[in-house]
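Take a look at this one; I'll ask things after.
The values are calculated or read from the model by the stated rules, or taken from the named source; none is laboratory data. It should be emphasised that the depicted structure is a prediction, and the values quoted were computed from it without experimental measurement. Here the Cβ positions follow ideal geometry from the backbone for every residue, glycine too, while neighbour counts run over all protein chains shown. Note: accessible area is taken over every heavy atom of the protein model, side chains too, but ligands, DNA and RNA are not part of it. Shrake-Rupley method; radii C 1.70, N 1.55, O 1.52, S 1.80 Å.
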Amino acid sequence: SITDSLEPIYNSLALKLFLQGYYIDSNIMSPVLMNQSVNITNTVTDTISVELRNSSFPYNVVTSGKTILNTDGTAIFLFPTITGFYYIVVKHRNGIETWSANPVQFSLSSITYDFTTAASKAYGNNMIQVEPNIWAFYSGDINQEDNIDLNDFSLLELDINNFEFGYKATDINGDGSVDLQDVSLLELNSNQFIFSNHP
């Protein structure tokens, strides 16, 4: 029918990625949204934003949206059908913005990209090894300024002093409360001058 022909056609991008602060072990992350009293599902970690960007300067965003990141690191991002080569960009509320190492070819209805298998899957090798041969996005960019530094530390310190809990970007380990257990990871990444690496 005419109505059916007007329905948008979507492709799917199957992602796999881990977030350093939420990673437990054995390919599993913490059920952060449950810990932070957002929902009662123990198979969901958090939401992430995904962008597909042009492969050449100025790397404009072609399509973007939010999706669920599961505790096993999997996420499905649906987007209108496109073809060509595009960078995959992933953003998280306290993670470093991370780009695919190279533009990825989109020509099929279902594309897969696994960040977890090697540092080289991220642009500039910008990930950390959380277990042998398992890689994750850096955590601690609380203010989303593309680097982890003292500005993030001051936000964390404020929330610790205020005994904050719940849905907070300053809850770096995702246990539901902002406390001293969140400090060590932020301190480590700040001392290493971690920043977002992209074209």
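How large is the helix-only mean residue ellipticity at 222 nm for the chain, computed as the sum of -39500 (n - 2.57) over DSSP H runs with n ≥ 4, divided by its residue count, in deg cm²/dmol to the nearest 500?
-3500 deg cm²/dmol
How far apart, in nm, are the 7 Å Cα→Cβ label points at Y113 and I82?
1.0
Also, I was wondering about something else. Students often get this wrong, so try it: which of (1) 22.2; (2) 17.4; (3) 19.1 is Kirkwood radius over Cα pairs in Å as calculated from the structure shown?
Step by step, Kirkwood radius over Cα pairs in Å for this structure corresponds to label (2).
Give me the one-decimal nm value for the distance between modelled label points at S184 and S64, 7 Å along each residue's Cα-to-Cβ direction.
3.5
In vacuum, with every alpha carbon of the range 56-174 counted as one equal point scatterer, what does the Debye formula give for log10 I(q)/I(0) at q = 0.13, 0.18 Å⁻¹? Two decimals, please.
-0.61, -1.07
Once the piece of chain linking S37 and N162 is laid out straight, how much longer is it, given 0.36 nm per residue of separation minus the C-alpha distance between them?
Value of the extension gain: 43.2 nm.
With a 10 Å cut-off between alpha carbons and a GNM built on the chain, which of L158, L185, L19 moves the most?
Comparing L158, L185, L19 in a Gaussian network model of the chain, the most mobile one is L158.
On to the next question. Given the peptides 101-107, 68-74, arrange them by the average over their residues of other C-beta atoms within 10 Å, most packed first.
68-74, 101-107
Next question. Kindly report the accessible area of the range 55-157 per residue (heavy atoms of protein chains, probe 1.4 Å, no ligands, DNA or RNA), in Å².
Per residue, the range 55-157 has an accessible area of 45 Å².
Shifting gears a bit: For the chain, give the share of DSSP beta bridges that are antiparallel, in percent and rounded to the nearest 5; count only bridges with both residues there.
85
Leaving out ligands, DNA and RNA, and with a 1.4 Å probe, what % of the accessible surface on the chain is carbon or sulfur?
Answer for the chain is 54 percent, counting heavy atoms of protein chains only.
For a protection proxy built on the mean count of beta-carbon atoms within 10 angstrom, sort 49-60, 146-157 highest first, please.
146-157, 49-60
Relative contact order for the chain: what percent, with Cα pairs under 8 Å and sequence separation of 6 or more?
23
Grab every C-alpha pair in the range 1-113, bin the distances at 5 angstrom width from 0 up to the longest one, and report whole percents.
2, 11, 20, 21, 17, 12, 10, 5, 2, 1, 0
Separate question: Under the classification rounded if a/c is under 1.5, otherwise prolate if a/b is larger than b/c and oblate if not, where does the range 136-199 fall, given a ≥ b ≥ c as square roots of the Cα gyration tensor eigenvalues?
Prolate is the answer for the range 136-199, as a/c is 1.5 or above and a/b outweighs b/c.
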